[in-house]
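Note sheet for the following structure.
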Amino acid sequence: MRLSPAKIAVALSLIVCSLLLAHTATQVLRVYGGYDFQLGLQRQFNLDLENNIPSWYASSALFLCAFLLGVIGVAKRYEQAPRSRQWLGLAAIFLYLSLDEAASLHEMAMPLGRTLLNQLGVSSGYFHFAWVIFGMIAFSIVGFSYLGFLRALPTATKRLFVIAGMLYVAGALGIEIFGGKVASQGEMDSMFYAVLVAVEEGLEMFGIVLFNYALLSYIGQREMAASL
């Protein structure tokens, strides 16, 4: 059975758009209509909360990335091809990201991050969500260590990886930092903050959609080359 990367990407994109629309609609009802509960739908579609439908989807999409990376890594290792360990390393990273999305592990770093900021004399502000400090460090380490791996990829795959990574990091760190400033001003209940959350999570989820598309396309190209 052959799976179409484009069709899977379209299906995932429709899910993402539906989640963004549901979040925005329930937040509009909450902010402008005063409907906080909405039969529980407000919580279930709130992109800023954990243990709900969007977080389940996000965790599953990241797990799909981990699975596809693992498939490629195992195949590379079986073929004794170079860089199999790096593929498997990426699989481990995305497996952790999937677990983190489901269990909110990054929030455990918040107290340590705030202690560090206090010792440095830095006000919370943009670093209200103090875990982003460690996120920036982790991204820098992974990014620099995988530069050679990225250069060795086929041009099309490399381009998709870079764009997907930029989208994901722009949401997970960039918009998160700006949202921290808004949250530090006590505006987490505002519609502006709800829109920021939608932008942040949308960038992350569309980044993962593109990354899954890139991985499926890469696997398809390898299968085609092997059949020739």
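For segment 121-193, please list each of the helices (runs of 4 or more DSSP H) lying entirely inside it that holds at least 3 residues being exposed (fewer than 15 other Cβ atoms within 10 Å of the Cβ).
Fully inside segment 121-193 and qualifying: 132-145, 147-152, 155-169.
Can you name every residue in segment 63-82 that is surrounded by 14 or more Cβ atoms within 10 Å (Cβ to Cβ) and either out of contact with any Leu (no Cβ under 9 Å at 6 or more places or on another chain) or of a type in the set (A, V, I, L, M, F, W, C) (or both)?
Passing the criteria: Phe63, Leu64, Cys65, Ala66, Phe67, Leu68, Leu69, Val71, Ile72, Val74, Ala75.
Read through the list (1) within 18 Å of Leu47 (Cα to Cα); (2) at pLDDT 95 or above, then give the number of the only condition that Ala183 fails.
(2)
For (1) over 14 Å from Ala194 (Cα atoms); (2) in contact (Cβ under 8 Å) with a residue 12 or more places away in the chain; (3) part of a helix (DSSP H, G or I), each residue gets a yes or a no:
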site: Ala9; (1), (2), (3): yes, yes, yes
site: Ile15; (1), (2), (3): yes, yes, yes
site: Leu19; (1), (2), (3): no, yes, yes
site: Leu47; (1), (2), (3): no, yes, no
site: Glu50; (1), (2), (3): yes, yes, no
site: Pro54; (1), (2), (3): yes, yes, yes
site: Ala66; (1), (2), (3): yes, yes, yes
site: Val71; (1), (2), (3): yes, yes, yes
site: Gln80; (1), (2), (3): yes, no, no
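Tell me which residues, restricted to segment 34-45, are modelled with pLDDT of 95 or more and either in contact with a Gly (Cβ under 6 Å, 6 or more places away or on another chain) or under 22 Å from Val199 (Cα atoms) (or both).
Answer for segment 34-45, where residues must be modelled with pLDDT of 95 or more and either in contact with a Gly (Cβ under 6 Å, 6 or more places away or on another chain) or under 22 Å from Val199 (Cα atoms) (or both): Leu41, Gln42, Arg43, Gln44, Phe45.
Among the residues of segment 194-204 satisfying the criterion of being among the aliphatic types (A, V, I, L, M) and open to solvent by less than 10 Å² (accessible area, probe 1.4 Å), which is farthest from Glu50 (Cα to Cα)?
Ala194
The values are calculated or read from the model by the stated rules, or taken from the named source; none is laboratory data. None of these values were measured; they are calculated from a predicted model. Here the Cβ is made from the backbone with ideal geometry for all residues, glycine too, and neighbour counts use every protein chain on show. Remember, those area values only see protein heavy atoms, side chains included, never the ligands or the DNA or RNA. Shrake-Rupley method; radii C 1.70, N 1.55, O 1.52, S 1.80 Å.
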